[in-house]
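Chemist: The following block contains the structure, expressed as structure tokens.
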Amino acid sequence: MYADRSDAGRRLARFVLEQLPGIETEDVAVLGLPRGGVPVAAEVATALHAPLDVVVARKLGVPGSPEVAMGAIASVGGELAVAVNDEVRALVDRRDGADAWAAALAREQAELARRASAYRGARAPLTLAGRTVLLVDDGIATGATMRAAAAAARQLKPARLIAAVPVALGGLDTGVEASVDALICPWFATTFLGVGQAYRDFGQTPDGEVRRLLETR
């Protein structure tokens, strides 16, 4: 188990350096998925001597079961992307009607804009064109959020797009591998029900901590 997100980030950084020899010599940008992915990403950025930014992503939760994703949206550098979990969305459409998707999308777009402003303030987003970009989160469950983040980042034309996480649930069936050039993950947990089971301390990351980490990188 990981002690906390910082421990996971340090261990993930070592794994990235093992799996991608020479990456520390490339023009790298590290993007954390707030909030929990940012402490992990900060450790990776430190190890790679790379700048840190955020790709703001929001899960589109099922009505009444918000932890279950029917999709996700993400924004980086002003580009917005939407990822859909077609099977879950179809179930929600039948149960709650098509308006449930539209309502979730509108609600989360507003929250996306608020969080981007709260985290970054007046700082301009990193330029991604031509760079090796690492998308870092504290774990992958359904993969919807990471897929949306990858789609948004891809629009800014990075040279290489890599997803890096300390733990992924359920093996390789999340669709994330198809959305990036490489998926770096030291631990595929096939029996866990949630990412938090991989951590002894999985407390929430406050907005202020995200801002502090961005300011210090």
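The values are calculated or read from the model by the stated rules, or taken from the named source; none is laboratory data. Because the structure is predicted, anything quoted here is derived from the model rather than measured. Heads up: the accessible areas ignore ligands, DNA and RNA and are worked out on the full protein's heavy atoms, side chains in. Shrake-Rupley method; radii C 1.70, N 1.55, O 1.52, S 1.80 Å.
Chemist: Just for the chain, what percent of DSSP beta bridges are antiparallel, to the closest 5?
Modeler: Bridges in the chain are about 40 percent antiparallel.
Chemist: Leaving out ligands and nucleic acids, note down the accessible area per residue over the chain with a 1.4 angstrom probe, in whole Å². It would help to have the intermediate numbers written out before the result.
Modeler: Details: 9580 Å² over 217 residues.
Value returned for the chain: 44 Å² of accessible area per residue.
Chemist: What is the set of long-range amide H partners of residue 199 at a cut-off below 5 Å, with H atoms built 1.01 Å from backbone N?
Modeler: 2
Chemist: Between 120, 95, 160, find the one with the highest GNM mean-square fluctuation for the chain; connect C-alpha pairs within less than 10 Å.
Modeler: 95
Chemist: Most fluctuating residue of 121, 64, 32 in a GNM of the chain with Cα springs under 10 Å: which is it?
Modeler: Taking springs between Cα atoms under 10 Å, the residue moving most is 64.
Chemist: Moving on. Where Rh denotes the Kirkwood radius from the mean inverse Cα pair distance, what is Rg over Rh for the range 159-200? Spell out each step's value before the answer.
Modeler: Values: Rg = 11.0 Å, Rh = 11.0 Å.
Over the Cα atoms of the range 159-200, Rg/Rh equals 1.00.
Chemist: Using heavy-atom solvent-accessible surface (probe 1.4 Å) with all chains present, what is the largest-first order of 117, 65? Numbers along the way, then the final one.
Modeler: Working: 117 75, 65 40 Å².
So, going from the largest accessible area down, we get 117, 65.
Chemist: In addition: Give me the angle, in degrees from 0 to 90, between the Cα long axis of helix 207-216 and the longest principal axis of the Cα atoms of the chain, rounded to the nearest 10.
Modeler: 30 degrees
Chemist: Still on this structure: What percent of all Cα-Cα pairs in the chain falls in each 5 Å bin, counting up from 0?
Modeler: Per 5 Å bin, starting at 0, the Cα pair percentages come out as 1, 8, 16, 20, 21, 17, 10, 4, 2, 0, 0.
Chemist: If amide H atoms are built 1.01 Å from N in the plane of the peptide, which residues on other chains or at least 5 residues away come under 5 Å of the amide H of residue 138?
Modeler: Correct list: 37.
Chemist: Right, here's the next one. Suppose only helical runs count, i.e. DSSP H with n ≥ 4. What mean residue ellipticity at 222 nm does that imply for the chain under -39500 (n - 2.57) per run, divided by all residues and rounded to the nearest 500 deg cm²/dmol? List each step's numbers first, then the result.
Modeler: Values: 7 runs with 85 residues, N = 217.
Using -39500 (n - 2.57) per qualifying helix, the result is -12000 deg cm²/dmol.
Chemist: If you don't mind, there's one more thing I want to ask. Taking springs between alpha-carbon atoms closer than 10 angstrom, which of 72, 198, 103 fluctuates most in the Gaussian network model of the chain?
Modeler: 103
Chemist: From the phi of every residue in the range 80-89, what ³J(HN,Hα) in whole Hz does the Karplus formula 6.51 cos²θ - 1.76 cosθ + 1.60 yield, where θ is phi - 60° and glycine or proline is x?
Modeler: 10, 9, 10, 10, 10, 8, 4, 5, 5, 4
Chemist: Okay, moving on. Using Cα pairs under 8 angstrom and six or more residues apart, how large is the relative contact order of the range 123-217, in percent?
Modeler: RCO, the range 123-217: 26 percent.
Chemist: Express the carbon and sulfur contribution to the solvent-accessible surface of the range 113-195 as a percent, rounded to the nearest whole number, probe 1.4 angstrom.
Modeler: 56 percent
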